[in-house]
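Below is one structure, written out as structure tokens; the observations come after it.
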Amino acid sequence: DGSELADIDNYVRAGYNKPNEKLFGRAKGKNVILISLESTQNFVINQKVNGQEITPFLNEFIKDSYYFENFYHQTGQGKTSDSEFIVENSLYPLSRGAVFFTHSSNEFNATPEILKQNGYFTASLHANNKSFWNRDIMYKSLGYERFYSMTDYDIREENSVGWGLKDKDFFEQSIQHLKAMPKPYYAKLITLTNHFPFEIHEEDKFIEPYDSSSNTLNNYFPTVRYQDEALKHFVQRLKDEGLYENSIIILYGDHYGISENHNKAMGQFLGSEVTPFVSTQLQRVPLIIHIPGQKGKTVSTVSGQIDLKPTLLHLLGIDTKQDIEFGSDLFSKDKMEFTVLRDGSFITKDYVYTREICYDKKTGEPTDNNLCEPYLEKAKNELEFSDKIIYGDLLRFYEDTNAIK
Ligand code: GP9
Ligand code: MN
């Protein structure tokens with residue numbers, strides 16, 4: 001039965017933060033355009049390589065947006081699919097395997113399903129084979145009405161590189177799909193070009209590679225730069241088509257692109273050794289929320305992908321008080337500065353805990369482990385409760401009650 005859910009329910013209720021009154025419903029009825037940025041880590045933002053900006057478009061775009069500079073990915077082995085799972089369910093992914101494969105027939109209460117119940121058309125757009133990461137199956141459980149996949153795009157040799165259709169062409173062709181959708185819509189677009197091994201055509205190379213012992217890191221910069229150019233094109237096209245003002249645009253990095261195998265080269269780029277502390281801080285990915293007519297702001301609250309679901313629903317004026325979820329509204333005044341990564345590392349306002357060592361964020365040096373001790377239990381509980389929900393398919397016993405006020 002669902003009795004296991006009682007403890008979890010109590011825990012979740014205790015962690016509930018009430019929404020920020022000023023922003024609750026601020027984007028009510030607007031289209032939502034959610035963009036997953038492949039392998040995009042936060043360290044590229046406002047940063048240069050060989051004297052040139054890596055993300056000139058995003059550096060401008062964040063000035064008119066909410067930009068969260070301490071936002072962490074929380075993915076595991078399920079990579080992009082884990083990020084989709086976390087962002088739309090406010091649950092943690094599993095420590096092994098990908099939920100998209102292992103628990104695709106579970107009952108969920110995901111953002112697309114909730115928005116569908118609130119009159120939205122829900123679609124995911126990604127120019128890859130529909131069965132990759134088991135998306136075609138899992139998307140049904142998440143409440144997607146339509147998946148625009150490989151067969152919905154004109155993919156040819158000339159417009160492809162690396163894993164498939166180039167981002168700029170993907171965005172350009174996606175405009176037609178957006179225009180054809182019933183409004184309001186929730187559309188998730190998943191980019192692809194900035195994927196390992198970071199291949200790019202010469203004509204798309206706006207900056208030169210970095211120079212280090214890691215070709216992976218070297219080639220990462222031109223593909224991030226290309227993605228930035230593709231985003232610039234997309235936003236311009238949204239403006240041209242009159243879709244910009246009626247939409248909130250949310251961009252987030254899905255997971256790291258540069259693994260620990262490249263620590264030496266990364267250390268050279270950063271100008272400091274990649275210690276476990278630095279490595280944890282490198283798990284930050286950009287989160288950018290653009291709301292038409294809203295002034296930009298850089299927010300430094302410690303947060304994670306798990307927080308996106310309640311944040312978005314509250315912006316749309318949808319209550320989440322009854323939801324079983326582990327994230328909280330990033331705009332809430334009571335939001336706790338705390339984020340847990342899937343490997344059990346956690347980050348607070350002042351500390352980073354990883355590999356059983358507590359680091360002081362100010363110095364980046366190990367400090368007294370007792371300072372991290374108060375959060376250890378909470379970090380463990382979060383992951384265990386979330387795992388229980390997934391392994392026991394516990395949301396079966398839960399009735400969704402989301403409704404627009
Ligand atoms: C595949 C794309 C990349 O469709 O989402 O997946 P990843 O390897 O990053 O998980
Ligand atoms: Mn990915």
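The values are calculated or read from the model by the stated rules, or taken from the named source; none is laboratory data. Please read all numbers here as calculations on a predicted model, not as lab measurements. A quick note on method: Cβ atoms are made from the backbone with ideal geometry, for glycine too, and the neighbour counts reach across all protein chains shown. Accessible surface areas use protein heavy atoms only, side chains included; no ligands, DNA or RNA. Shrake-Rupley method; radii C 1.70, N 1.55, O 1.52, S 1.80 Å.
Arrange the residues 163, 133 by how much accessible surface each exposes, largest first, with a 1.4 angstrom probe. Please report the intermediate quantities before stating the final value.
Working: 163 105, 133 50 Å².
Descending order: 163, 133.
Let me check I've understood the local charge: for residue 315, count other residues with C-beta under 10 angstrom from its C-beta, Lys and Arg +1, Asp and Glu -1. What total comes out?
Values: positive: 26, 28, 30; negative: 329.
Charge balance in the 10 Å sphere: +2.
Compute the length gained on full extension between residue 245 and residue 337: take 0.36 nm times their separation in residues and subtract their Cα-Cα distance, giving the result in nm to one decimal.
Between residue 245 and residue 337, full extension yields an extra 29.9 nm.
Whenever you get a sec, line up 342, 26, 156 from highest to lowest accessible area (probe 1.4 Å, protein heavy atoms). Walk me through the intermediate numbers first.
Values: 342 35, 26 80, 156 110 Å².
So, going from the largest accessible area down, we get 156, 26, 342.
Within the accessible area of the chain, what % is carbon and sulfur when the probe is 1.4 Å and the other protein chains stay in place?
Values: 7490 of 16390 Å².
Ligands and nucleic acids excluded, carbon and sulfur give 46 percent.
Per residue, how much accessible area does the chain show when a 1.4 Å probe rolls over the protein heavy atoms, in square angstrom? Intermediate results must be reported in sequence, preceding the final value.
On the way: 16390 Å² over 405 residues.
Here the residues of the chain average 40 Å² of exposed surface.
Compute the signed sum of charges (Lys and Arg +1, Asp and Glu -1) over the other residues within less than 12 Å, Cβ to Cβ, of residue 77. Write out the running numbers ahead of the final one.
Working: positive: 79, 96, 342; negative: 82, 343.
Local charge sum for residue 77: +1.
Between the stretch 102-167 and the stretch 241-280, how many Å separate their Cα centres?
Between the Cα centre of the stretch 102-167 and that of the stretch 241-280, the gap is 23 Å.
Along the Cα→Cβ direction, 7 angstrom out, place labels at residue 350 and residue 172. What is the inter-label distance in nm?
Rounded to a tenth, the inter-label distance reads 5.4 nm.
Cα-Cα pairs above 37 Å in the chain: how many percent?
Details: 14255 of 81810 pairs.
Of all Cα-Cα distances in the chain, 17 percent exceed 37 Å.
Per residue of the chain, what 222 nm ellipticity follows from adding -39500 (n - 2.57) for every DSSP H run with n ≥ 4, rounded to the nearest 500?
-9500 deg cm²/dmol
Quote to one decimal, in nm, the extra length available between residue 160 and residue 203 on full extension: 0.36 nm per residue of separation minus the C-alpha distance between them.
On the way: separation 43, 0.36 × 43 = 15.48 nm, distance 1.26 nm.
Contour length minus the Cα-Cα distance gives 14.2 nm.
With the crude spin-label approximation of a point 7 Å out along Cα→Cβ, what separation in nm comes out for residue 298 versus residue 363?
2.6
Convert 37 °C to kelvin, take the viscosity as 0.692 mPa s, use the Kirkwood radius over C-alpha pairs of the stretch 83-146 as Rh, and evaluate the Stokes-Einstein diffusion coefficient in µm²/s, rounded to a whole number. Don't jump to the answer; show the numbers that get you there.
Numbers: Rh = 12.1 Å.
So the translational diffusion coefficient is about 272 µm²/s.
Given the convex hull of the Cα atoms of the stretch 312-375, what is a quarter of its surface area in nm²? List each step's numbers first, then the result.
Details: hull surface 22.3 nm².
Its Cα hull, projected and averaged over all orientations, spans 5.6 nm².
Just tell me which aspartates and glutamates come within less than 20 Å, Cα to Cα, of residue 362; anything on the same chain fewer than 8 places away is out.
Answer for residue 362, where 20 Å is the Cα cut-off: 69, 273, 337, 350, 373, listed by chain and number.
Residue 295: which aspartates and glutamates have alpha carbons under 16 Å from its alpha carbon, excluding same-chain residues fewer than 8 sequence positions away?
In chain and number order, the partners are 60, 64, 245.
Grab the other residues whose beta carbon is less than 10 angstrom from that of residue 188, score K and R as +1, D and E as -1, and report the net.
For residues surrounding residue 188, the net value is -2.
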